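Contents: one structure, followed by commentary.
What follows is calculated from the coordinates using simple rules that are stated; it is not laboratory data. A quick note: this is a predicted structure, and the numbers were derived from the prediction, not measured. When we count neighbours, we look across all protein chains shown, and the Cβ atoms used for this are built from the backbone with ideal geometry, even at glycine.
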Amino acid sequence: MNYSESIEQERMKKDNYFKNQHYSPLTEEQSAKFSSLDYFGVKEDLKFTVELKEYSQKQEVDIRTSTGVLQTYIRHGYIAFEIDGVISSLTVYLQPNSDYLFVPFKDKTSGTESYGAGRYIELEKNGKDQYVLDFNSAYNPYCAYNDQWTCPLTPFENILKVEIKAGEKSFGRN
């Protein structure tokens, strides 16, 4: 199976989960009408091997959520990459007791083609400084589907000046 096929297979699994699982973020009414999420086409050039530059002093920060509650994260480090000749970086956060590094971001598609409050990527902690940052796996937080969910909002430092036409689009666009 090639890369594009594996991404498409993961998307089909997610669509099935959203349609059929009790813990789906969709309401019963949404689930009854749901066929699939809307995605950008797979773009292999938006998959990067990046080096995580850990901060020497990791600060706890409170990130506001969609419901106004604050959630505590640790500013763990940052990653840098280049898109269309523009070097960009994203702060990587760690939530206490999590096996994943949390990378929320907004880009030039936010609010038009993709969810206005931003999308997320998770990186599984591997104890190394090299990670695969794959924007094709960017996904919407659950509050994008149902405002009963509480989701961290993208911090200002993770607003990109480029378009990321990969991953999930806004819900309800198809």
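Odds and ends about this structure:
- Helix 3-20 and the longest principal axis of the Cα set of the chain meet at an angle near 60°.
- Working note: Cα atoms of the chain, range along each principal axis, descending, whole Å: 49, 39, 30.
- Rel. contact order, % - alpha carbon contacts under 8 angstrom, at least six apart, region 1-154: 22 percent
- Net dipole in debye of the chain [+1 Lys, Arg Cβ; -1 Asp, Glu Cβ; about Cα centre; nearest 20]: 220 debye
- Cβ-based charge dipole, region 19-174, positive-most Cα from V42, Y120, W149: W149
- Packing, taken as the mean count of other beta carbons within 10 Å per residue, orders the peptides 148-160, 1-13, 130-142 from highest to lowest as 130-142, 148-160, 1-13.
- Listed pairs K53/K161; K106/K169; K128/K165; K14/K169; K53/K108 exceeding 18 Å between Cα atoms: K53/K161; K128/K165; K53/K108
- Counting only Cβ charges, +1 for Lys and Arg and -1 for Asp and Glu, the dipole size of region 53-146 around its Cα centre is about 220 debye.
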